[in-house]
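The values are calculated or read from the model by the stated rules, or taken from the named source; none is laboratory data. Just so we're clear, the structure is a prediction, and the values are computed from it rather than from any experiment. Don't worry about glycine lacking a Cβ; one is built from the backbone with ideal geometry, like all the others, and counts go over all protein chains shown. Heads up: the accessible areas ignore ligands, DNA and RNA and are worked out on the full protein's heavy atoms, side chains in. Shrake-Rupley method; radii C 1.70, N 1.55, O 1.52, S 1.80 Å.
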Amino acid sequence: MSTIPSIFNQTVPSYTVIGQGERAGNTGMTAVLLNRGGRYLRRSIFQDLEKAGFDYVISVETGTESYDLEELALRYRFAQFLILKESHSLGEQINIAAMEVRTPLFFVLWNDVRFTQSGGVERIADRILQNNSVCTVPVVQNTRFEPVPTLMVPAIYRGTIKTIPFVPVKEGALSLYPFDGVGVYNTEKFIKLSGYDPQITSPYWQLMDFGFRSYLWGDRIISSQLLKVVYDGSMPPQDTSMHPDYRHFYLKNVAPVFRLDAAHLPWRRFIPYLFKSGEGFKSAWKHFREVRAWVELHKYRFCLDARQLAELWEDAE
């Protein structure tokens, strides 16, 4: 039996919730705030999110419990703080937050990323619900308010997947995945897609897996000129190296073949995978069979395979 999660958050991580979570608006959008290194003026962050008009804020707390959580929870009653018991990957943190979301949309941000449109959440939410995509990504700006290339386009060269970043210049341009996980997610679609794969720990390959699965299963990720965010500091680097997680990504997204109305992972893919993976025979065989069973379980959810996706992307561009 495959150990790959087949439903959303099949194994629920342990966490504690602090805060009332009282509704502050009626826009249909929740802000999900992720936190990374560095001390930021948390009060000002929550003030900005309050002014923007979000219905709720969910702050995912990692590491040492912050001394100001109780104070912030009392001051900003539309906020909830999810205190994780253990360290979790980027995608797992988003999955956990999505379990607490009570609105049709949620906007994933970081504590060093500013959402720049004050009071514009309702108009943005209406537009995004109309585009009906699993995720809508923003125009990303640096500290000088210059747009940076965060629109990701896939390229397949000799069986290897790479991404090429572009600056989004038109409304509705496709992106393979949301850079840094930042974007507005459709809650229902995200959960039906099973969210991010917790078996992948590399942020880059976790994002790639989510993006590929979105398209292979008939959804899409688009950019919107209405959404703009600014990074307070330097942009986080992307480690695109061939991490061991690439093997899992490859079997789930690149190796399957789509024909007629279903996908399958052919047995003939095993020998090339064995030689390229660096795994021992027993380990490689076990991994291959697990992913093959997962593809079989979801075969009718596939609408195309990786090569067809690359061709369709070229046509779209």
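Can you give the relative contact order of the stretch 40-128 as a percent, counting alpha carbon pairs under 8 Å and 6+ residues apart?
On the way: 68 pairs, mean separation 35.0, N = 89.
It rounds to 39 percent for the stretch 40-128.
Could you give the angle, 0 to 90 degrees to the nearest 10, between helix 281-297's Cα long axis and the longest principal axis of the Cα atoms of the chain?
Taking Cα atoms only, the helix is inclined about 70 degrees.
For the stretch 171-250, just say rounded, prolate or oblate: build the C-alpha gyration tensor, square-root its eigenvalues into a ≥ b ≥ c, call rounded for a/c under 1.5, and beyond that prolate if a/b exceeds b/c, oblate if not. Can you show the working numbers first?
Details: a/c = 1.92, a/b = 1.13, b/c = 1.70.
Oblate, since a/c reaches 1.5 and b/c is not below a/b.
Could you derive backbone 3J(HN,Hα) for the stretch 18-28 from the dihedral phi with the Karplus parameters 6.51, -1.76 and 1.60 (θ = phi - 60°), listing whole Hz in sequence and x where the residue is Gly or Pro?
Karplus-based 3J(HN,Hα) across the stretch 18-28 equals 10, x, 6, x, 7, 5, 10, x, 9, 8, x Hz.
Skipping prolines and chain starts, which residues have an amide H placed within reach, meaning under 5 Å, of the one on V153, given they are 5 or more residues away or on another chain?
I164, F166, L176
Quick one: which residues, 5+ away or cross-chain, put their amide H under 5 Å from the amide H of Y76? H built at 1.01 Å from N.
Answer set, sorted by chain and number: none.
Using only Cα atoms, locate the centre of the stretch 230-282 and the centre of the stretch 93-110, then give the distance between them in Å, rounded to an integer.
Going from one Cα centre to the other spans 26 Å.
Taking the Cα atoms only, what angle lies between the long axis of helix 42-52 and the longest principal axis of the chain, rounded to 10 degrees?
90 degrees
Please find the FRET efficiency linking D239 to F166, where r is the Cβ-Cβ separation and R0 is fixed at 25 Å, and quote it to the nearest 0.05.
0.80
With a 1.4 Å probe and all protein chains left in place, how much accessible area per residue does the chain have, in Å²?
On the way: 14740 Å² over 317 residues.
On a per-residue basis, the chain sits at 46 Å².
Once neighbouring chains are kept in place and the probe is 1.4 Å, which whole percent of the accessible area of the chain is contributed by carbon and sulfur?
C and S fraction of accessible area: 53 percent.
Suppose the chain between C303 and I156 were pulled fully straight at 0.36 nm per residue; how much longer would it get relative to their current alpha carbon spacing?
The C303-I156 span can extend by a further 51.1 nm.
From the phi angles alone, apply the Karplus equation (6.51, -1.76, 1.60; θ = phi - 60°) to the stretch 203-211 and give each ³J(HN,Hα) in whole Hz, x where the residue is Gly or Pro.
Each residue's phi maps through the Karplus curve to give x, 5, 6, 5, 5, 4, 4, 4, x Hz.
Give the range of the longest stretch in the chain that excludes all chymotrypsin sites (Phe, Trp or Tyr not before Pro) found in loop regions by DSSP and having at most 12 other beta-carbon atoms within 10 Å.
Segment 146-299 is the longest.
How many nm separate the modelled label positions at R36 and N142, each set 7 Å beyond the Cα in the direction of the Cβ?
The answer from the label model is 1.6 nm.
List, in the order given, every pair from K189/K282; K192/K282; K252/K282; K189/K252; K192/K252; K85/K286 whose Cα-Cα distance in the structure shown is over 25 Å.
In this structure, K189/K282; K192/K282; K85/K286 exceed 25 Å between Cα atoms.
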